[in-house]
Amino acid sequence: MRKIILIFSVLAIFTLNCKFNSPQKGDVDLDGQVTIADALLVGAYAVGLIKFNRIQTWAADFTCDGEITSFDAAMISRSSLGLDIPEFCGKRPIKKDWKDIFFFP
């Protein structure tokens, strides 16, 4: 019984590490890629159609101004198409440790 619990615990930790390892700004659906689908989600959020969890909220604020707007959606769509975007948050796009998402300053 202890072996089963240990194996389950290790698998759960591995799954969490894979899922939350280095989210990327703009990757709102958390699939590991910044795509047009992410921009559509941010647009829907900006007009109040959907809600985000904390990780998605961090990823959706592409401009790092503390607000999620249609401008964030536009910049995410430009980034997903490989078009030039201004620098936001000091880099473009940035990666951050997932622990920082849960403990906002």
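Is it true that some residue in the range 15-33 is modelled with pLDDT under 90, in a helix (DSSP H, G or I) and more than 16 Å from the chain's Cα centre (by Cα)? Within the range 15-33 (the criterion being modelled with pLDDT under 90, in a helix (DSSP H, G or I) and more than 16 Å from the chain's Cα centre (by Cα)), the answer is yes, since at least one residue qualifies.
For the criterion of being within 13 Å of GLY26 (Cα to Cα), of a type in the set (A, V, I, L, M, F, W, C) and either assigned to a helix (DSSP H, G or I) or modelled with pLDDT under 90 (or both), ALA44 fails. When the range 59-89 is filtered for residues that are hydrophobic (A, V, I, L, M, F, W, C) and surrounded by fewer than 20 Cβ atoms within 10 Å (Cβ to Cβ), the ones remaining, listed by number, are CYS64, PHE71, ALA74, LEU81, LEU83, ILE85, PHE88, CYS89. Inspection of the range 72-93 finds no residue satisfying the criterion of being modelled with pLDDT of 90 or more, farther than 15 Å from ASP27 by Cα, out of contact with any Phe, Trp or Tyr (no Cβ under 8 Å at 6 or more places or on another chain) and not hydrophobic (A, V, I, L, M, F, W, C). Per this entry, ALA37 is counted among residues that are surrounded by 10 or more Cβ atoms within 10 Å (Cβ to Cβ), at pLDDT 95 or above and assigned to a helix (DSSP H, G or I).
The values are calculated or read from the model by the stated rules, or taken from the named source; none is laboratory data. Quick caveat: nothing in here was measured; it's all calculated off a predicted structure. Backbone-built Cβ (ideal geometry, glycine too); neighbour counts: all protein chains shown.
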